[in-house]
Amino acid sequence: MTDRLFTIDELRQTATLINDLKDKVNDTLHEGEAETVTSLIKTSIKEGKIRRDIFGLNPVLNSLQTALIATDEIGLQRDSVLAILLYHLMLSDVIDEEDIGKRFGKSVETIVNGLAKIQHLYAKNPIIESDDFRNLLLSFAEDMRVILIMIADRVNMMRQIRDTDNLEAQREVAEEASYLYAPLAHKLGLYKLKSELEDLSLKYLEHDAYYHIKDCLQQTKRSRDLYIQQFIEPIERKLKDAGLVFHMKGRTKSIHSIWQKMKKQQCGFNGIYDLFAIRIILDSPLDKEKMQCWQAYSIVTDMYTPNPKRLRDWLSVPKSNGYESLHTTVLGPQNKWVEVQIRTERMDEVAEHGLAAHWRYKGIKSSTGGMDEWLANIRAALEAGDNFQAMDQFQLGLYDSEVFVFSPNGDLFRFPKGATVLDFAYHIHSKLGNSCVGGKVNGKSVTFRYPLHSGDTVEVMTSSTQKPKREWLDVVKSPRARAKIRLALKESQIKNANYVKEMLERRFRNRKIEMEEAVMARLIKKLGFKETTDFYKQVYDEKLDANDVIEKYIELRDSEANQSRNAQSAESYEYISQDNIAAKGKPDDDVLIIGKDLKGLDFSLAKCCNPIYGDPVFGFVTINGGIKIHRENCPNAPEMKKRFGYRIVKAKWSGKGTSKYTITLRVIGNDDIGIVNNITNVISKDERISMRNINIDSYDGLFKGNITVTVDDTGKVDALIKKLTNVKGVKQVTRL
């Protein structure tokens, strides 16, 4: 028998399953639909269009088995059953999606389309255990019944692959069931299917552990049942005597749950004492629920000693998911601890089936705030009655605020709705975003403004000439991308400003003009710029011509010079003669004698040449009226004397140098071992000299460095230079 044909046994099973399905959903099918689907199945068999899956399973038979699980375990009806059967027939090219819509209605077509979309997602090889993929799955299924069908399909597949030889594929399917489908079933209140998925996953993934626990449970079943009976009999009598209506049951934990406890507690099977829990379920009027639950609790704890640390009161304050119950652990016969859960029929219904109950209780976390509320609404819709007809109109609305997209490697990323290719580029890397010129979405070239949709595969296209622009802030939607664009713009602005500044300084030098920072700052303000960076940006963007800036600078500088000339000159300063000084007493140390024995004027030392006591100096009258003291060999001295001779004032030091002055020495020498240490030792030995800073760079066997020290006068400087020059390996020492 080839893998494209049915075996005799499969044909017999198919006929039986079709009849079972007809009995369950025939009342909801439209006239002739059962015959049409049966005919299509027969056509697929007759034309040999059956393609077995990687496990060698028959897809038509699988779809019938899945449809039965969907009806029996979940309660899905007409639309879902038809979609399950027709989807596999569509894959076999027996019918297409458009024809499904025409023959069976839009709702069935929507479910089939959702199943096809999710199958396409799997082709991208995503990391299925991530919360983002679970959320993408939910957002991609426009109709929630698609997810329910997938859960039913995975349960069926897990049942059928028990004896397969393809162990690698079996492991992959089991891992997906554990990471993805069991948590989804749990959140939807499908606890029986959830437990089956977990147990079968453990069976395939941890074969030895599964069968060890199963065998242990089988061996201890009789004694466990006897113990449960022994435990509950006296409680039943007391509850009946109290007039309570109830029923009790002992629930053995699932194999998967026991295995998790064994791992958590790091013990063997015999170390797990709470293999089961006793439930007391009261048939109580709504207004007497709490009272009767506490009454039952009192009866139990009167008979068996409770562990006060294990009391859980979810009656007074129900869990946020609506779960209500009283839990306690008591010391039963044979000194064994037994968990007892007390609740009403209503509470038990919610806990077992309703409103996505229990998912927080079992520790399954949600990565998205509104997800659980939405799933709770789904559960409520599932329980709406009339054979789940409410599901026909139920559409997904929660994830309208998010999109989930893939990289070419299958990595999954989440973005706010409206996010673009540029958002994606910046999410991957800042450099990728800064150079983004567009992208390919699902293989199609698009601009970087293209809005992304869930399920898209995105590839970024870049160019080395691309630069971030301010208008990009309006293109992106994610805060992360906006922050990176702002940072890139700021860095670019600083870089451009430095470039413009260097360019202007170079052009000033070419025209033999000294660019004074103070004059340039006043020019920038005069041109109407509040921020210096805005001025440099205008020049960089060529909205301001650099030559015009220089001309305006010269104009402002000369204008200020003329104003200064008219206002004051060196001759206008009042002065105190040496005779007057002698009459008043001894002059202070470090007083400058300026011009015609002038002294006591407001002066400051120029930073461009850092004069100290003993240097030949001169004074320069500034715009503000103060005097700047420059060294005679100041690099700016020739230009100042040439252009502003009328503002030059003679100056010399008076008295003895007692102040401390900061100077910088340039040292060049061989990069020998210990040479820096020898230099610093020379400086430290002189008590009158303090070292403030040292900065040494070395390359090609040489070193160059600047040493900043404080000294009293030029005599100390000359002596220090001489000492440093005598250090072995030092070639040159100069004062800057």
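The values are calculated or read from the model by the stated rules, or taken from the named source; none is laboratory data. These figures come from a predicted structure and were not determined experimentally. In this analysis, Cβ positions are derived from the backbone assuming ideal geometry, glycine residues included, and neighbour counts consider all displayed protein chains. Each accessible area value is taken on the protein alone, full model and side chains, heavy atoms only, with ligands, DNA and RNA left out. Shrake-Rupley method; radii C 1.70, N 1.55, O 1.52, S 1.80 Å.
Some notes on this structure:
- In the stretch 585-619, of all residues being open to solvent by less than 20 Å² (accessible area, probe 1.4 Å) and assigned to a strand (DSSP E or B), the one that is modelled with the lowest pLDDT corresponds to LEU598.
- Of the residues screened, ALA521 is one that is of a type in the set (A, V, I, L, M) and over 39 Å from the mean Cα position of the chain (by Cα).
- Filter result (open to solvent by less than 60 Å² (accessible area, probe 1.4 Å), among the hydrophobic types (A, V, I, L, M, F, W, C) and in a helix (DSSP H, G or I)) within the stretch 1-53: ALA15, LEU17, ILE18, LEU21, VAL25, ALA34, VAL37, LEU40, ILE41, ILE45
- Boolean, ASP713 is at negative phi and at pLDDT below 85: no
- Boolean, LYS309 is at pLDDT 85 or above and either in a helix (DSSP H, G or I) or surrounded by fewer than 12 Cβ atoms within 10 Å (Cβ to Cβ) (or both): no
- Cβ-Cβ contacts under 9 Å between residues 6 or more apart (or on different chains), taken from a first residue in the stretch 217-245 that is over 23 Å from GLN292 (Cα atoms) and hydrophobic (A, V, I, L, M, F, W, C) to a second residue that is open to solvent by less than 50 Å² (accessible area, probe 1.4 Å) and assigned to a helix (DSSP H, G or I), are listed as LEU217/ARG224; LEU217/ILE255; LEU217/ILE258; LEU217/PHE269.
- Number of the condition not met by SER401 [criteria: (1) modelled with pLDDT under 85; (2) open to solvent by 30 Å² or more (accessible area, probe 1.4 Å); (3) closer than 29 Å to PHE535 by Cβ]: (3)
- Residue in the stretch 153-161 that is among the β-branched types (Val, Ile, Thr) and either at pLDDT below 90 or in contact with a strand residue (DSSP E or B) (Cβ under 9 Å, 6 or more places away or on another chain) (or both) present: no
- Residue among VAL717, VAL733, VAL667, VAL709 that alone is in contact (Cβ under 8 Å) with a residue 60 or more places away in the chain and touching a Ser or Thr at 6+ places or on another chain (Cβ under 8 Å): VAL733
- Of all residues in the stretch 424-480 being part of a helix (DSSP H, G or I) and of a type in the set (A, V, I, L, M, F, W, C), the one that is nearest to the chain's Cα centre (by Cα): ILE428
- Pairs where the first residue, in the stretch 477-494, is over 17 Å from HIS429 (Cβ atoms) and touching a residue at least 24 places away in the same chain (Cβ under 8 Å) and the second is open to solvent by less than 70 Å² (accessible area, probe 1.4 Å) and β-branched (Val, Ile, Thr), C-beta under 9 Å, 6+ apart: LYS477/THR420; GLN493/THR533; ILE494/THR533
- Of the set (1) more than 30 Å from ASP215 (Cβ to Cβ); (2) in contact with a strand residue (DSSP E or B) (Cβ under 8 Å, 6 or more places away or on another chain); (3) modelled with pLDDT of 90 or more, all apply to MET248 but (1).
- Scope the stretch 506-527; condition in a loop (DSSP other than H, G, I, E, B) and open to solvent by less than 30 Å² (accessible area, probe 1.4 Å); matching residues: ILE513
- Looking only at the stretch 282-306, and only at residues there that are farther than 30 Å from LYS187 by Cα and not in a helix (DSSP H, G or I), the one that is least open to solvent (accessible area, probe 1.4 Å): TYR304
- Condition check for TYR210 on (1) in contact (Cβ under 8 Å) with a residue 24 or more places away in the chain; (2) buried (at least 20 other Cβ atoms within 10 Å of the Cβ); (3) within 19 Å of SER257 (Cα to Cα): one failure, at (2).
- Only residues that are under 30 Å from LYS652 (Cα atoms) and among the basic types (Lys, Arg) were counted in the stretch 674-718, giving 3.
- Residues within the stretch 482-505 that are of a type in the set (Gly, Ala, Ser) and either in contact with a His (Cβ under 7 Å, 6 or more places away or on another chain) or loosely packed, with under 15 Cβ neighbours inside 10 Å (or both), tallied: 1
- Residue count for the stretch 267-281, restricted to those that are assigned to a helix (DSSP H, G or I) and either closer than 25 Å to VAL317 by Cβ or of a type outside the set (S, T, N, Q) (or both): 2
- Of the numbered criteria (1) open to solvent by less than 20 Å² (accessible area, probe 1.4 Å); (2) in contact with a Lys or Arg (Cβ under 9 Å, 6 or more places away or on another chain); (3) within 23 Å of LEU205 (Cα to Cα), the one ALA277 fails is (3).
- Within the stretch 427-459, the residues that satisfy the criterion of being in contact with a Gly (Cβ under 7 Å, 6 or more places away or on another chain), more than 20 Å from ARG486 (Cβ to Cβ) and among the hydrophobic types (A, V, I, L, M, F, W, C) are VAL446, VAL458.
- Given (1) among the hydrophobic types (A, V, I, L, M, F, W, C); (2) over 34 Å from the mean Cα position of the chain (by Cα); (3) open to solvent by less than 70 Å² (accessible area, probe 1.4 Å), number of the condition VAL245 does not satisfy: (3)
- Residue within the stretch 54-77 that is open to solvent by 50 Å² or more (accessible area, probe 1.4 Å) and at pLDDT 85 or above present: yes
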